[in-house]
Amino acid sequence: MEGKKVIFSGIQPSGDLTLGNYLGAIKNWVRLQEQYDCYFCVVDLHAITVRQEPKDLRRRTLELLSIYIASGIDPEKNTMFIQSHVPQHSEAAWLLNCNTYMGELSRMTQFKDKSAKSGNSIAAGLLNYPVLMAADILLYQADLVPVGRDQKQHLELTRDLGERFNNLYSPTFKIPEAYIPKAGAKIMDLQEPTKKMSKSSENANGFILIMDPPNVIRKKISRAVTDTIGVVKYSDEQPGIKNLINILSAIKSISPEQIEEQYDGIGYAKFKSDVADAIVEELEPIQSKVKQLVSDKKYLAEVYKQGAEKAKYVANKTLRKMKKKIGFIPEN
Ligand code: AMP
Ligand code: TRP
């Protein structure tokens, strides 16, 4: 571990995971785990910024941890834990909140989108959400944060908050960089390919879930919106086809240009069926492992307990420094 750069990332257990989450985040984590000292968190505190049914939250939290493991993240090599098990996150978030401006929070795109959907009862936690995310990252002195493109703005705020604290007191935090993948950075909705693929989309044909059965995956891909141009080309004028190329490119680690060449003169039907095959081939083994893991509560508990223990130790070192610099009296 010593000397390795640190990675921190997390996903909310707030709904079923999509192919976008997998290609934008998890698949890259699997690649990065060899070279970095990685912390992969199930961010349940973030999930409650919108109302969650307690029993669904419990189920999804363990399912998300199972997806991490089933996708190939090795619990022996990485620190995997549940955010609410490490109270330092909430505590550090409060300290950072007191150095964060309302203006910078209300400018966040995700806040604007989500609050627009909440009507008159917008939880204060929804506004403060990125401060908790900054706490997550800064507590571990992370160098890199692998996320999809939609999180770039939150990462910039994290850097601002870290720098602000460092300047106000004295150097305390490492200032992290976002790590955004080339191919899977933004997987689009299959029905409205100008919109991000999201589990909260109303039309279920627009997204593929990591746990969707093969026949459902094939059906959704075959119904994906394309165009009348008829050539497999990586072009902004063909957002549907471009999205399918991105999906194939992220799964197979081949460039969009290679895919264009490979499908020169070949129609959409064959292309779509190959994309569907690639997704099924990628997800099927993960699905069967997840099904096995979710029923092994004892094993999952071992993983998250061990993870929380390590995480607490590291997070506490940073938190103590923060409190001391702010002027709090140390308890001992
Ligand atoms: P969330 O589901 O909002 O907790 O997102 C978890 C991770 O998945 C973050 O790193 C997001 O950037 C990433 N992500 C979510 N949706 C997509 C998408 N459609 N394409 C690529 N990455 C995504
Ligand atoms: N905000 C992220 C999302 O919606 C989830 C998240 C919370 C996160 N804390 C994080 C991602 C820390 C990376 C690092 O996707």
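The values are calculated or read from the model by the stated rules, or taken from the named source; none is laboratory data. This is a predicted model, so every value here is computed, not measured. Positions of Cβ are generated from backbone atoms using ideal geometry, with glycine treated the same way; all protein chains shown enter the neighbour counts.
Can you name the helices (runs of 4 or more DSSP H) wholly within the stretch 92-176 that have at least 2 residues being under 28 Å from Ile73 (Cβ atoms) and within 14 Å of ligand 2 (Cβ to nearest atom)?
Values: elements: 102-106, 109-117, 124-139, 152-168.
Passing ranges, in order: 109-117, 124-139, 152-168.
When the stretch 142-188 is filtered for residues that are over 16 Å from the mean Cα position of the chain (by Cα) and either on the phi > 0 side of the Ramachandran plot or within 8 Å of ligand 1 (Cβ to nearest atom) (or both), nothing remains.
If the condition is being within 10 Å of ligand 1 (Cβ to nearest atom) and among the aromatic types (Phe, Trp, Tyr), then the stretch 19-54 contributes Tyr22, Trp29.
What residue, of Leu62, Leu57, is more than 15 Å from ligand 1 (Cβ to nearest atom), modelled with pLDDT of 95 or more, within 22 Å of Asp212 (Cβ to Cβ) and aliphatic (A, V, I, L, M)?
Numbers: Leu57 fails: more than 15 Å from ligand 1 (Cβ to nearest atom).
Leu62 is the lone residue from the list that is more than 15 Å from ligand 1 (Cβ to nearest atom), modelled with pLDDT of 95 or more, within 22 Å of Asp212 (Cβ to Cβ) and aliphatic (A, V, I, L, M).
Here Thr172 clears all of (1) surrounded by fewer than 21 Cβ atoms within 10 Å (Cβ to Cβ); (2) at pLDDT below 95 except the condition numbered (2). Among (1) closer than 26 Å to Val30 by Cβ; (2) buried (at least 22 other Cβ atoms within 10 Å of the Cβ), which single condition is Val131 missing? Val131 satisfies all of (1) closer than 26 Å to Val30 by Cβ; (2) buried (at least 22 other Cβ atoms within 10 Å of the Cβ) except (1).
For the stretch 148-168, the condition holds for at least one residue, the condition being that it is closer than 19 Å to Thr318 by Cα, surrounded by fewer than 20 Cβ atoms within 10 Å (Cβ to Cβ) and polar (S, T, N, Q). In the condition set (1) polar (S, T, N, Q); (2) outside any helix (DSSP H, G or I); (3) closer than 27 Å to Asn203 by Cβ, Thr61 is compliant with all but (2). Taken over the stretch 156-189, the residue count meeting the criterion of being small (Gly, Ala, Ser) and within 28 Å of Leu95 (Cα to Cα) is 3.
Here are some residues: Gly119, Gly72. Which one is surrounded by fewer than 15 Cβ atoms within 10 Å (Cβ to Cβ) and on the phi > 0 side of the Ramachandran plot?
Working: Gly72 fails: surrounded by fewer than 15 Cβ atoms within 10 Å (Cβ to Cβ).
Within the list Gly119, Gly72, the selection yields Gly119.
Can Glu192 be described as at pLDDT 95 or above and under 20 Å from Leu23 (Cβ atoms)?
Numbers: at pLDDT 95 or above: yes; under 20 Å from Leu23 (Cβ atoms): yes.
So Glu192 passes the test.
Of the residues making up the stretch 177-192, those that are within 14 Å of ligand 2 (Cβ to nearest atom) and within 30 Å of Ile217 (Cβ to Cβ) are Ala178, Tyr179, Ile180, Pro181, Gly184, Ala185, Lys186, Ile187.
Only residues that are away from ligand 2 (no atom under 14 Å from the Cβ), surrounded by fewer than 20 Cβ atoms within 10 Å (Cβ to Cβ) and closer than 15 Å to Leu209 by Cβ were counted in the stretch 1-25, giving 1.
Does Leu139 satisfy being more than 17 Å from Gln12 (Cα to Cα), of a type outside the set (Ser, Thr, Tyr) and buried (at least 18 other Cβ atoms within 10 Å of the Cβ)?
Working: more than 17 Å from Gln12 (Cα to Cα): yes; of a type outside the set (Ser, Thr, Tyr): yes; buried (at least 18 other Cβ atoms within 10 Å of the Cβ): yes.
Judged against the criteria, Leu139 is a match.
Of the residues making up the stretch 189-217, not one is near ligand 1 (Cβ under 8 Å from one of its atoms), among the polar types (S, T, N, Q) and not in a loop (DSSP other than H, G, I, E, B).
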